[in-house]
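Single-structure report; data block below.
The values are calculated or read from the model by the stated rules, or taken from the named source; none is laboratory data. Just so it is clear, the structure is predicted and the values come from calculations on it, not from any experiment. Methodologically, a virtual Cβ is constructed for each residue, glycine included, from the backbone with ideal geometry; neighbour enumeration extends over all protein chains shown.
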Amino acid sequence: MVSLVIAVHVLACIALVIVILLQRGKGADIGAVFGGSSQTLFGARGAGNALTRATAALAVLFFATSIYLAYASTQRATGSIFDRPAAGTAAPSPAGGGAGATPAPLAFPEPEPAPPAQAPAAK
């Protein structure tokens with residue numbers, strides 16, 4: 001079901017981009033873009049109405065699929081990033097010696113001891 005909604009969402013995105021680019025800009029019509037005459041593709045006033053309605057319908061479809069996909073992604077999430085082991089700890093290996101086996105500790109170099117503090121020389 002989710003993959004079907006993703007396909008509809010992608011198609012709505014592409015169609016929305018195309019419909020928005022087809023709309024008339026301020027003071028220019030689609031004929032001016034392609035070097036045609038002053039006649040428009042849908043007639044004198046029909047382009048604005050049809051494209052406006054198509055834009056509104058595609059926008060509603062886009063928002064509906066976005067909300068559904070966001071909801072579906074929260075339902076499929078299992079666990080949290082806080083449930084994972086820390087970055088420096090060893091994860092138990094599945095080939096380890098059974099349920100009671102403990103992983104080998106990580107080998108970190110021992111820190112060097114600090115040099116002994118010397119008292120400042122008196123003047």
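What do you reckon, is PRO94 more than 30 Å from LEU4 (Cα to Cα) and either modelled with pLDDT of 70 or more or surrounded by 10 or more Cβ atoms within 10 Å (Cβ to Cβ) (or both)? Here the answer is no, as PRO94 does not meet what is asked.
Here ALA54 fulfils each of the conditions (1) on the phi > 0 side of the Ramachandran plot; (2) at pLDDT 75 or above apart from (1). Return yes or no: is ALA87 surrounded by fewer than 11 Cβ atoms within 10 Å (Cβ to Cβ), at pLDDT below 65 and assigned to a loop (DSSP other than H, G, I, E, B)? It is false that ALA87 is surrounded by fewer than 11 Cβ atoms within 10 Å (Cβ to Cβ), at pLDDT below 65 and assigned to a loop (DSSP other than H, G, I, E, B).
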